[in-house]
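Structure first, commentary second.
Bear in mind that the values in this text are calculations on the coordinates, not laboratory data. This structure is a prediction, so every number in the text was calculated from the model and none was measured. Don't worry about glycine lacking a Cβ; one is built from the backbone with ideal geometry, like all the others, and counts go over all protein chains shown.
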Amino acid sequence: MFRIQEIMEMLPHRYPFLLVDRIVEWDPGKRIVGIKNVTINEPFFQGHFPGHPIMPGVLIIEAIAQAGGILALKALGGGKRIAYFTGIDNGKFRRPVVPGDQLRLEITVIAHKGPMWKMHGEAKVDGSLAAKADVTATIPDGVEPYGEGDGE
């Protein structure tokens, strides 16, 4: 549905912080499903934890937030806007995510009013829940990402 180049046109995140590899389902303004392929080459595995690599839970939640940002940005017509992650509620971690796993990021809109979005996200591996959270984001008018995601 959306490959990495299209995702990079929507999100300002870049390596090593871009945590959505592709979008496989999209119901405009309502639901999105993204994929993150987790490999041993992820830089966070160097220190979390040597000899027993586990994806940090906060980065799983960040992947949920990024997929939610894509959902909201696409609903607003895309363009050069930025979604700010503003809150998290009900975050739970249910299983570790390790190299070789494929995270399926399932995001559903709970509410949307003006620039504010509240979404429920679940990250699953092979159908098993790894993490879930309700996340909020704001997409203000007139705020564009720096350059083309290069920090300039």
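Just one of the listed residues (PHE93, PHE49) is farther than 26 Å from GLU9 by Cβ, among the aromatic types (Phe, Trp, Tyr) and over 17 Å from the mean Cα position of the chain (by Cα), namely PHE49.
Among all positions in segment 109-120, there is at least one residue which is out of contact with any strand residue (DSSP E or B) (no Cβ under 6 Å at 6 or more places or on another chain), at negative phi, without any contact (Cβ under 8 Å) to a residue 12 or more places away in the chain and not in a loop (DSSP other than H, G, I, E, B). Checking VAL98, VAL33, VAL24, VAL58 one by one, the residue that is of a type in the set (Val, Ile, Thr), outside any loop (DSSP other than H, G, I, E, B) and farther than 20 Å from VAL135 by Cα is VAL24 and no other. In the set PHE44, PHE85, which member is surrounded by fewer than 17 Cβ atoms within 10 Å (Cβ to Cβ), aromatic (Phe, Trp, Tyr), under 19 Å from GLU144 (Cβ atoms) and touching a helix residue (DSSP H, G or I) at 6+ places or on another chain (Cβ under 9 Å)? Selected residue: PHE85, the only one of PHE44, PHE85 that is surrounded by fewer than 17 Cβ atoms within 10 Å (Cβ to Cβ), aromatic (Phe, Trp, Tyr), under 19 Å from GLU144 (Cβ atoms) and touching a helix residue (DSSP H, G or I) at 6+ places or on another chain (Cβ under 9 Å).
Just one residue in the set LYS124, LYS92 is of a type in the set (D, E, K, R), exposed (fewer than 13 other Cβ atoms within 10 Å of the Cβ), in contact with a strand residue (DSSP E or B) (Cβ under 9 Å, 6 or more places away or on another chain) and on the phi < 0 side of the Ramachandran plot; that residue is LYS92.
Does any residue of segment 70-93 turn out to be in a loop (DSSP other than H, G, I, E, B), over 18 Å from VAL33 (Cα atoms), of a type in the set (D, E, K, R) and touching a residue at least 24 places away in the same chain (Cβ under 8 Å)? Within segment 70-93 (the criterion being in a loop (DSSP other than H, G, I, E, B), over 18 Å from VAL33 (Cα atoms), of a type in the set (D, E, K, R) and touching a residue at least 24 places away in the same chain (Cβ under 8 Å)), the answer is yes, since at least one residue qualifies. The single residue among ARG31, ARG22 that is touching a residue at least 60 places away in the same chain (Cβ under 8 Å), surrounded by fewer than 18 Cβ atoms within 10 Å (Cβ to Cβ), of a type in the set (D, E, K, R) and touching a strand residue (DSSP E or B) at 6+ places or on another chain (Cβ under 8 Å) turns out to be ARG31.
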